[in-house]
Amino acid sequence: GQQLNQSPQSMFIQEGEDVSMNCTSSSIFNTWLWYKQEPGEGPVLLIALYKAGELTSNGRLTAQFGITRKDSFLNISASIPSDVGIYFCAGPISSGSARQLTFGSGTQLTVLP
Amino acid sequence: NAGVTQTPKFQVLKTGQSMTLQCAQDMNHEYMSWYRQDPGMGLRLIHYSVGAGITDQGEVPNGYNVSRSTTEDFPLRLLSAAPSQTSVYFCASRGQGYNEKLFFGSGTQLSVL
């Protein structure tokens, strides 16, 4: 079953505002990934985190790997209309013959002009 | 620069019909997988393959079959469609090794009436 709890479920913000979302788990993860899905498309990788405490940026996006290894955070600064989409956190779990990615339920972001 | 290609983009089926969702990748990736996306549920793994001739079940495999006869192709079959299989389906692939960076196709939106 799903192991990642993502919040908030949805956000409506004004253009120019900063955005914060997070992902928590009852299990320890050694890698955290953040994906963005635009309408009608598949998810695209934004940021990958590999070390507890790591802070990584990709343009206006910044993600952090929590110290406990049970959480991760994504921040978007100065939001713009093209930031609209669903943001997913993901982490690898060992299952069957390969490591799999399990995903959070997503944060739907709407940016109002 | 095709990456992961899924066809069709949209499909409507009647209950009991069968169909195959196609997926092809041109990145020589060993690992391929199928996810379904439902509102509020995130992405859930259906089946995956770690190489030609090898497939395994994911979190929600019931009602779906897969095969992997070549490295490039990983079709998903619905033998007898049910309304509960109405969803958006994504194919994804990645390379070997310690690399959880999945590349996704653009999805197939399936409705079963």
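The values are calculated or read from the model by the stated rules, or taken from the named source; none is laboratory data. Predicted model only: the values in this text are computed from it and were never measured. Every residue, glycine among them, receives a Cβ derived from its backbone with ideal geometry; neighbour counts consider all protein chains shown. Heavy atoms of the whole protein, side chains included, go into the accessibility calculation; ligands, DNA and RNA do not. Shrake-Rupley method; radii C 1.70, N 1.55, O 1.52, S 1.80 Å.
Descriptive notes on the structure:
- Area buried, chain A against chain B - accessible surface, total, 1.4 angstrom probe, square angstrom: 1900
- Over the C-alpha atoms of chain A, the Rg to Rh ratio, Rh being the Kirkwood estimate, stands at 0.97.
- 14 Å beta-carbon shell around B:Arg68, net charge (K/R +1, D/E -1): -3
- Partners for A:Lys51 among lysines (Cα-Cα distance below 20 Å; same-chain residues under 8 apart left out): A:Lys70, B:Lys101
- Near B:Gly105, once Lys and Arg are set to +1 and Asp and Glu to -1 for all other residues with Cβ below 14 Å from its Cβ, the sum equals -2.
- 17 Å Cα-Cα reach of A:Lys36 towards aspartates and glutamates, excluding residues that sit fewer than 8 places from it in its own chain: A:Asp18, A:Asp83, B:Asp38, B:Glu100
- Taking the Kirkwood radius as Rh and the Cα radius of gyration as Rg, chain B has a ratio of Rg/Rh equal to 0.95.
- Residues considered: B:Met32, B:Met19, B:Met41. Largest GNM mean-square fluctuation over chain B, using C-alpha springs under 10 Å, is found at B:Met41.
- When you restrict to C-alpha pairs under 8 Å that are six or more residues apart and normalise by the size of region A:10-76, the relative contact order lands at 34 percent.
- Using Cβ point charges alone (K and R +1, D and E -1), the dipole size of the protein assembly as shown about the Cα centre works out to roughly 420 debye.
- Sequence-distant contacts, meaning Cα pairs under 8 Å at least 6 residues apart, place the relative contact order of chain B at 36 percent.
- Within a Gaussian network of chain A (alpha carbon springs, distance under 10 Å), most fluctuating of A:Gln14, A:Gln64, A:Gln37: A:Gln14
- Probe 1.4 Å, protein heavy atoms only - accessible area per residue of chain B in square angstrom: 45
- Electrostatic tally near B:Asp26: other residues with Cβ closer than 12 Å to its Cβ, Lys and Arg +1, Asp and Glu -1, net -2.
- By accessible area, using a 1.4 Å probe on protein heavy atoms only, region A:1-109 has 50% of its surface on carbon and sulfur.
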